[in-house]
Amino acid sequence: MTNNLEKKLDSLSISNLEDLFSESYSEWFCSLKGNEFFCQISPTYLKNVESFEYLKTQFQFFDLALEIITDQESKVLEKRSNEDNEIIEKESVILYGLIHSSYILTDEGMEKMKEKFINGDFGECPRLLCKNSGVLPIEFQNDISQCVKLYCPICKRVFYPPYKYMKMNGTYFGSQFPHLFLKKYPEFEQTQEMEKYQPTMFGFDIHEDSAIYYKPQKKNEKEN
Ligand SMILES: [Zn+2]
């Protein structure tokens with residue numbers, strides 16, 4: 001074990017070691033457990049500071065939070081109190097999330113989310129007949145909890161995410177993301193009729209004319 005570690009360390013050149021310590025905020029943030037829905041925002045997009053100015057009023061330490069996520073941390077942070085640093089750290093996450101919601105609507109961001117969708121990073125639809133279809137993160141309107149939800153392109157329903165994602169804010173993805181994603185990549189949308197549950201008895205389908213056939217009524221039919 002020790003020999004293996006020594007061999008690995010020996011094989012690392014100085015440039016390799018530099019790489020180990022040069023992880024960007026994006027890379028670090030997206031690698032955290034529970035952040036699997038996020039894609040890495042490109043440094044070029046993050047440098048477009050003017051585009052994020054409109055968010056400034058929502059933050060106590062906007063400039064410092066921006067410095068952190070663009071890997072330009074200055075010595076200023078060292079002079080701040082622990083309390084301030086805690087707020088700055090939280091605001092960095094929020095700022096990254098809000099910028100992320102607009103980045104994933106760009107061609108580049110959309111492409112990265114497509115790769116994540118194909119990899120199954122967003123999980124699968126819990127509906128059995130969707131047969132493990134991939135889902136997309138969405139901010140579902142009229143939901144006061146604001147936690148991210150998951151949209152299934154097959155059954156077109158919205159679900160709560162697994163427990164570990166229940167604290168993730170849906171605004172980091174936006175309400176329009178799945179719609180624009182499927183417009184750009186229609187190959188992922190279900191065009192055929194959605195498979196529905198077919199009642200059976202002792203292994204045989206129940207004919208609609210049978211006395212034991214139960215036909216769910218539509219709301220209007222019930223009222224009539
Ligand atoms: Zn589904």
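Observations
- Options Asp84, Asp71, Asp107: the member that is free of Cβ contacts under 8 Å to residues at least 40 places away in the same chain and more than 17 Å from the chain's Cα centre (by Cα): Asp84
- Here Phe122 fits the description: within 13 Å of the ligand (Cβ to nearest atom) and at pLDDT 95 or above.
- Identity of the residue in region 126-151, within 15 Å of His179 (Cβ to Cβ) and more than 16 Å from the ligand (Cβ to nearest atom), that ends up surrounded by the most Cβ atoms within 10 Å (Cβ to Cβ): Glu139
- Within region 87-125, tally of residues that are of a type in the set (Gly, Ala, Ser), assigned to a helix (DSSP H, G or I) and surrounded by fewer than 18 Cβ atoms within 10 Å (Cβ to Cβ): 1
- Pair list, Cβ under 8 Å, 6 or more apart: region 186-211 residue exposed (fewer than 10 other Cβ atoms within 10 Å of the Cβ), other residue modelled with pLDDT of 75 or more and among the aliphatic types (A, V, I, L, M): Lys196/Leu129; Tyr197/Leu129; Thr200/Ile206
- Of all residues in region 165-184 being hydroxyl-bearing (Ser, Thr, Tyr) and touching a Phe, Trp or Tyr at 6+ places or on another chain (Cβ under 8 Å), the one that is nearest to Cys125 (Cα to Cα): Tyr165
The values are calculated or read from the model by the stated rules, or taken from the named source; none is laboratory data. All values reported here derive from a predicted model rather than from experimental measurement. Counting neighbours? That spans all protein chains shown, and the Cβs are built from the backbone with ideal geometry, glycine included.
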